[in-house]
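One structure below.
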Amino acid sequence: MAKKQAIIYCGSCGKPMANESDFGTEENGEKSKEYCDLCYQNGSWTEPDISFEDFYAKSYEGFINSDMSSFQKFFLKKMYTKKFVKKLKRWKDA
């Protein structure tokens with residue numbers, strides 16, 4: 001039986017990164033080990049000057065408006081709190 005690969009979560013928004021295309025890129029073109037394609041490209045934040053409050057609101061709205069099932073959205077609403085996002089690497093010391 002094949003070993004199941006652990007899912008890595010983005011250290012900026014918490015997005016699960018299960019596929020290679022989910023990972024952002026470093027300046028040298030390599031895949032980031034910590035951040036997703038929506039938050040991090042070419043070694044930089046996609047929105048470097050965004051405040052935590054604006055980032056959280058935008059991310060939350062993005063998840064809610066995604067093509068997830070209503071069941072998935074129900075659990076996401078419970079889990080995706082400001083407290084959760086504040087613990088992610090990018091926002092920990094912000």
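Positive-end ranking of F52, Y9, L76 along the dipole of the chain, with charges on Cβ about the Cα centre, is headed by L76. Assuming charge only on the beta carbon of Lys and Arg (+1) and of Asp and Glu (-1), the dipole of the chain about its Cα centre is about 760 debye to the nearest 20.
Taking every DSSP helix (H) stretch of at least 4 residues in the chain, weighting each as -39,500 (n - 2.57) and dividing the sum by the residue count yields a mean residue ellipticity at 222 nm of -8500 deg cm²/dmol. Quick one: of K33/K77; K31/K77; K15/K73, which pairs are farther than 18 Å apart, Cα to Cα? From the list (K33/K77; K31/K77; K15/K73), the Cα-Cα distance tops 18 Å for K33/K77; K31/K77. Average 1/r across all pairs of distinct alpha carbons in the chain, invert it, and you get the Kirkwood radius: 14.1 Å. Near Q41, the amide H atoms lying under 5 Å from its own belong to T25, T46; only residues 5 or more places off or on other chains count, and H is placed 1.01 Å from N.
What full-extension length gain, to one decimal in nm, is calculated for K33 and A94 as 0.36 nm per residue of separation minus the Cα-Cα distance?
On the way: separation 61, 0.36 × 61 = 21.96 nm, distance 2.08 nm.
Answer, rounded to one decimal: 19.9 nm.
Sorting 39-48, 57-66 by their mean Cβ neighbour count within 10 Å, with the most densely packed peptide first, gives 39-48, 57-66.
Each reported figure results from applying straightforward, stated rules to the coordinates on display, with no laboratory input. Bear in mind the structure is a predicted one, so any value in this text is a computation, not a measurement. Cβ: placed from backbone, ideal geometry, glycine included. Neighbour counts: every protein chain shown.
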